[in-house]
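Structure first, then comments.
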Amino acid sequence: MAKNVTVLQAPPSSLSVLTRGLRGILPVVGKQGKLTPETALPDRTVELTVDVDPARVGEYCAVVGLKNTGEVPVMYLYVLSFPLIMDLFLSDDFPAAAVGSVHVENTITRRRRVEPGEKLTLRTSVGNLREHRKGMLIDFTTEFTDASGASVASEVSTMLIQQRTSLSGEPSGPAPKEGRPGAPDALLSADGALIRHYASVGGDRNPIHMSPLGGKAFGFPSSIAHGGWTAAAMLRVVEGHVPDAVVYHVRFGRPVILPAKVGLYVSRDEATGGTEIVAKDLKKGFPHVTATVTPL
């Protein structure tokens, strides 16, 4: 974690995040240069203490299709961290614009079960800027501690800032085979109304999720589902079997174009005791999200 700490009294509102994000479309000195692994990042931690609201947890469970069992779902930790990530990403001293970036991975390490009503302190910092074929990868890391100061969880959101790098000419490797997959173990369905509801609960009102016009403005044929919604909803297939201490790793592939129905394909790793869940397109078989649930 960085040495400099900015303590927030409340999370930034979703309207503030949206306004600051859209401002990033405009030319801003210091935001348009090409990044390198040596580019300086904000040496700062953003801190926020929150009471985990049971009502909001219940609404979250409903919109992602999980039972409200009195436990905070694993992916809800990402929802709690999202405002702090955006506060850093949209700050004046951040060297790249958030608009146009792509959320490519999430890793949540939960050390124990989290209960609604708990008080948690979140501390988010940014680092590990590195090259990728399609741009620069960067990690936003959030640490969660409880009222006693004990570590509860950590969450890493990896973003891709698209640009050319020294790796851009490298081969991408063999393309995954496409074709109609077999019968799924479960189905996920989503439409615009459901995803707008998720946006209101999760706080991410990016225009690409809010309307077909918003999606088209960023090059999609319609609006798209939040990756966070898909990653959370996929856990339906292991509901009741997620360990209290667990690592949930998610890799995002092609976006889910709304309205959509995707297949979930589940396999067990007997060596680790973990489970792999892949959300696939039902016609062409390409992955939207690949996730692993591994006991810690």
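The values are calculated or read from the model by the stated rules, or taken from the named source; none is laboratory data. What you see is a predicted model; the values in this text were computed from it and never measured. Backbone-built Cβ (ideal geometry, glycine too); neighbour counts: all protein chains shown. Remember, those area values only see protein heavy atoms, side chains included, never the ligands or the DNA or RNA. Shrake-Rupley method; radii C 1.70, N 1.55, O 1.52, S 1.80 Å.
Apply the a/c threshold of 1.5 to the C-alpha gyration tensor of the chain and tell me whether it is rounded, prolate or oblate. Verdict is rounded for the chain. Spin-label model, residue 111/residue 197: points 7 Å from Cα along the beta carbon direction are separated by 3.6 nm. Long hydrophobic helices in the chain: the complete DSSP H runs spanning 18 Å or more by Cα along their own axis with mean Kyte-Doolittle hydropathy of at least 1.0 are 76-89.
Per residue, how much accessible surface does the range 140-201 expose to a 1.4 Å probe? Answer in Å², no decimals.
Details: 3270 Å² over 62 residues.
Accessible area per residue, the range 140-201: 53 Å².
Longest span of the chain, sites excluded, free of GluC sites (Glu not before Pro) in DSSP loop with at most 10 other C-beta atoms within 10 Å? With GluC sites (Glu not before Pro) excluded where exposed in loops, the chain gives 39-269 as its longest stretch.
Would you please classify the overall shape of the range 64-168 from the alpha carbon gyration tensor, given that a ≥ b ≥ c denote the square roots of the eigenvalues, rounded means a/c under 1.5, and beyond that prolate means a/b larger than b/c while oblate covers the rest? Prolate, because a/c is 1.5 or more and a/b exceeds b/c. Between the amide H of residue 274 and those of 269, distances stay under 5 Å, these residues lying 5 or more places away or on another chain, with hydrogens modeled in the peptide plane.
Which value at 222 nm does the chain reach when only helices count, each DSSP H run of 4 or more adding -39,500 (n - 2.57), with the total divided by all residues and rounded to the nearest 500 deg cm²/dmol? Don't skip to the answer; put the middle values down first.
On the way: 7 runs with 63 residues, N = 296.
The per-residue figure over the chain is -6000 deg cm²/dmol.
Where the accessible area of the chain is counted over protein heavy atoms with a 1.4 Å probe, how much of it, in %, is carbon and sulfur?
Numbers: 7560 of 13940 Å².
Exposed carbon and sulfur together represent 54 percent of the surface.
Would any residue of the range 187-213 have its amide N under 16 Å from a label point 7 Å out along Cα→Cβ of residue 8? List them or say none. Backbone N within reach: 200-206.
Centroid-to-centroid, using Cα positions, the range 94-134 and the range 153-225 are 16 Å apart. Charge dipole of the chain (Cα centre as origin; +1 on each Lys and Arg Cβ, -1 on each Asp and Glu Cβ, all else neutral): 960 debye, rounded to the nearest 20.
The trypsin sites (Lys or Arg not before Pro) of the range 250-296 meeting both criteria, a DSSP state outside H, G, I, E and B (loop) and at most 16 other C-beta atoms within 10 angstrom of the site's C-beta, are 283, 284.
How would you classify the range 139-239 from its alpha-carbon gyration tensor, with a ≥ b ≥ c the square roots of the eigenvalues: rounded for a/c under 1.5, else prolate if a/b is greater than b/c, otherwise oblate? Rounded, because the longest to shortest axis ratio a/c is under 1.5. As a calculated quantity, the FRET efficiency between residue 222 and residue 150 at R0 = 35 Å, using C-beta atoms, amounts to about 0.20.
At 0.36 nm per residue, minus the direct Cα-Cα distance, what do residue 186 and residue 43 gain on full extension? Give it in nm, one decimal, please.
On the way: separation 143, 0.36 × 143 = 51.48 nm, distance 4.39 nm.
In short, 47.1 nm is gained.
Using the Cβ-Cβ distance between residue 164 and residue 283 with R0 = 35 Å, the FRET efficiency computed as 1/(1 + (r/R0)^6) comes to roughly 0.60. Remark on residue 49: its backbone amide H falls under 5 Å from those of 122, a criterion applied only to residues 5 or more positions apart or on other chains, H modelled at 1.01 Å from N. What the Cβ-Cβ distance of residue 130 and residue 177 gives, at R0 = 22 Å and to the nearest 0.05, is a FRET efficiency of 0.15. For the chain, what proportion of DSSP beta bridges, expressed in % and rounded to the nearest 5, is antiparallel? Expressed as a percentage, antiparallel bridges in the chain total about 95.
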